[in-house]
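The values are calculated or read from the model by the stated rules, or taken from the named source; none is laboratory data. It should be emphasised that the depicted structure is a prediction, and the values quoted were computed from it without experimental measurement. Ideal geometry is used to build each Cβ from the backbone, glycine not excepted, and the neighbour counts take in all protein chains shown. Just the protein is used for accessible areas: all its heavy atoms, side chains included, with ligands, DNA and RNA removed. Shrake-Rupley method; radii C 1.70, N 1.55, O 1.52, S 1.80 Å.
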Amino acid sequence: QVQLVESGGGLVQPGGSLRLSCAASGSIFSINDMGWYRQAPGKQRELVATITSGGTTNYADSVKGRFTIARDNAKNTLYLRMSGLKPEDTAVYYCNARVVTVLWPVPGDYWGQGTQVTVSS
């Protein structure tokens, strides 16, 4: 019904920058909140940042001032601009969207497959 495809991950040196993208497609009627989560090896998945359909943002304390979340509602695309990257930012980053489909009026949670971000010298 709904597919979320992330891109933009990779290997970057400490202090570097990356931009992640997440494109949503399928039987979409509307998208409510969207967000980025990450999971490091041996750790639980954690929230990185969220954004409402109106543009209100929320960030984990660990990324405030370094990461910026944004969305293009016309393109159903979510972004995460990451700067000042640290080794502890290394993780698989997942896109999440709360979507109302044309088939069912109740919002459902959808996840992307994840993209690896590695911060290392």
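Things worth noting here:
- Any hit, the range 48-55, residues being open to solvent by 20 Å² or more (accessible area, probe 1.4 Å) and under 13 Å from the mean Cα position of the chain (by Cα): yes
- If you filter the range 106-120 down to residues that are open to solvent by less than 40 Å² (accessible area, probe 1.4 Å) and not in a strand (DSSP E or B), you find that the one that is farthest from residue 14 (Cα to Cα) is 112.
- Spans of strands (runs of 3 or more DSSP E) in the range 1-77 with at least 1 residues farther than 20 Å from residue 88 by Cβ: 2-7, 18-26, 28-39, 46-51, 57-59, 67-72
- For the range 48-85, a residue qualifies if it is over 21 Å from residue 120 (Cα atoms) and charged (D, E, K, R), and the qualifying residues are 61, 71, 72, 75.
- Selected residue [basic (Lys, Arg) and more than 20 Å from residue 40 (Cβ to Cβ)] from 86, 75: 75
- Matching entry among 91, 97, 74 (being of a type in the set (A, V, I, L, M) and more than 16 Å from residue 37 (Cβ to Cβ)): 74
- Residue, farthest from the chain's Cα centre (by Cα), within the range 72-105, restricted to residues that are within 13 Å of residue 1 (Cβ to Cβ) and open to solvent by less than 80 Å² (accessible area, probe 1.4 Å): 101
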